[in-house]
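Here the structure comes first, spelled out in structure tokens, and everything after it is commentary.
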């Protein structure tokens, strides 16, 4: 008996693993866009409220929570001032998309009320 005969596979050992998972189905259309790029587009197109809403949605996804605190850095880089962001938040609150808990001397807490369809 030669040394390599010990390493031969029998037909029963030559099986290919098959996944039992069902393929993932996506509901509706979905677009993956870099976060800074979409903020910049929304800001330059005059949609500051849209840009702020996108920021809230991004933070909610990132923190896996409907209640978030927004950092102004991403908005500042996109050219959205602190005052414009505050106006946009008030508009979003008036429209019923968010609820704002203003904290004196700290970041405001924003609760996302809007639910994506689907």
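Readers should treat all values here as calculations from the given coordinates under stated rules, not as data from a laboratory. Owing to the predicted nature of the structure, the values given are computational and were not obtained by experimental measurement. Methodologically, a virtual Cβ is constructed for each residue, glycine included, from the backbone with ideal geometry; neighbour enumeration extends over all protein chains shown.
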> What ranking do 100-107, 86-93 get when scored by the average of other Cβ atoms within 10 Å per residue, highest first?
Replying inline: 86-93, 100-107
> For the stretch 31-112, what is the largest minus smallest coordinate of the Cα atoms on each principal axis, given in angstrom and ordered from greatest to least?
Replying inline: 30, 27, 24
> Would you list 53, 32 from fewest to most Cβ contacts within 10 Å?
Replying inline: 32, 53
> Expressed as a rounded percentage, what relative contact order does the stretch 31-112 have, with Cα pairs under 8 Å and six or more residues apart?
Replying inline: 30 percent
